[in-house]
1. Got a sec? How would Trp107, Trp211 order by Cβ neighbour count within 10 Å, fewest to most?
2. Note the full-extension length gain between His284 and Gln81 as 0.36 nm times their separation in residues minus their Cα-Cα distance, in nm to one decimal.
3. Order the peptides 298-307, 83-92, 121-130 from the highest to the lowest mean number of other Cβ atoms within 10 Å of their residues.
4. In the stretch 280-345, how does Rg compare with the Kirkwood Rh, expressed as the Rg/Rh ratio over alpha carbon atoms?
5. Can you tally the net charge around Pro236? Count Lys and Arg as +1, Asp and Glu as -1, for every other residue whose Cβ sits under 15 Å from the Cβ of Pro236.
6. Taking only C-alpha pairs under 8 Å that are 6+ residues apart, what is the relative contact order of the stretch 137-339 in percent?
7. Would any residue of the stretch 38-59 have its amide N under 19 Å from a label point 7 Å out along Cα→Cβ of Ala31? List them or say none.
8. What pairs in Lys159/Lys264; Lys245/Lys304; Lys138/Lys304; Lys159/Lys293; Lys269/Lys293 have C-alpha atoms more than 27 Å from each other?
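Since every read-out is calculated from the coordinates, none of them should be taken as a lab result. Everything quoted here is computed from the prediction, not taken from an experiment. Note that each Cβ is placed from the backbone with ideal geometry, even for glycine, and that neighbours are counted across all protein chains shown.
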Amino acid sequence: MVLEKIDVVTFLEHSEDIPVVDVRSPSEFSAGHIPGSINIPLFDDIERTTVGIKYKKEGRIPAILEGLKLTAPFMSFKLEQALSISKKRKLLVHCWRGGMRSEAMAWLFSLGDIKTEVLEGGYKSYRHYILESLAQKKRMIVLGGMTGSSKTQILRFLKGYGQQIIDLEGLANHKGSAFGSLGQPPQPSTEYFANLLFEELKHINQDCPFWIEDESRNIGTVFMQDKLYLNMQDSPAIILLMDTKTRLPRLLEEYAKYPVESLKASILKISKRLGGDNTKEAIHAIETGDFSKAVEIALFYYDKAYQFGLKKRSPGSIIFIEADSNDIETNAFKVLDAAQKIKWD
């Protein structure tokens with residue numbers, strides 16, 4: 001068998017049409033993987049540890065023999081999996097560094113007449129490539145505004161109107177505040193979030209700006225890459241100005257439906273910042289069904305934090321918009337009009 005290794009750029013181009021097989025262990029795959037790839041591990045987590053110890057203590061050949069002993073009974077099953085997912089008998093394969101695991105599986109797949117291309121440098125080279133890509137300066141418009149300004153809904157309206165958007169909160173499975181995890185699936189790892197973000201950006205027309213929501217460095221437990229975050233801070237921003245009274249109904253509609261204990265737990269996440277008295281008052285308001293009061297207390301904290309964050313931006317890069325209603329369409333068109341005033345270098 002002639003092993004064909006390809007660079008990461010070619011690998012990603014081919015992945016548009018050919019299935020990707022990640023042959024790393026299940027825990028490696030779970031921590032982060034190429035979006036859309038399928039895990040057919042050469043070793044499970046315990047086997048990988050066993051072979052690794054054998055390699056360190058006794059060397060390469062004993063480790064290979066141990067690996068063969070562990071995997072031999074399951075080789076037919078792994079080949080059957082590969083045959084079932086291959087497209088026109090073609091697969092792309094990678095492990096961590098493009099070494100023995102991917103080479104061994106490429107050999108196995110060749111027994112089923114599957115043409116296999118192996119990623120040179122493995123998943124490690126993919127990560128290096130995407131992190132470099134995310135760090136590059138991009139033409140983006142940041143949509144900002146205090147909590148409850150319906151920024152995500154406006155972005156989705158803009159997408160339907162033909163604009164390019166990146167939904168960071170959608171990728172992170174979190175709405176950004178202490179209440180942001182309510183009703184959401186589990187968050188991805190920071191590593192996998194970056195992979196998902198790269199996948200979205202890959203399909204963006206770089207000749208035109210795209211819209212992105214103003215976020216702090218972390219969205220729940222997910223953290224943005226430093227250079228990407230700094231690029232966001234340096235990009236032109238359109239900020240919605242909307243008073244508490246206007247924002248309150250949508251927030252109540254969105255969060256008051258959740259169980260009392262979940263809402264209390266969310267308040268407790270920011271109790272140190274709210275202070276003891278405000279925390280007690282917000283908890284009491286939730287327990288007595290006065291959700292408006294609880295939300296107002298939380299908004300007071302979030303509004304101050306957001307206003308502080310705005311001071312870090314260059315004043316000349318910000319366009320403020322007065323929004324006297326929380327109507328998505330009306331505010332979306334105001335945002336589009338404001339975007340026409342941006343002067344690009």
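1. Lowest count first: Trp107, Trp211.
2. Result for the pair: 67.5 nm of gain on full extension.
3. Final packing ranking: 121-130, 298-307, 83-92.
4. 1.15
5. +2
6. 31 percent
7. From the stretch 38-59, the list is 38-56.
8. Those over the limit are Lys159/Lys264; Lys138/Lys304; Lys159/Lys293.
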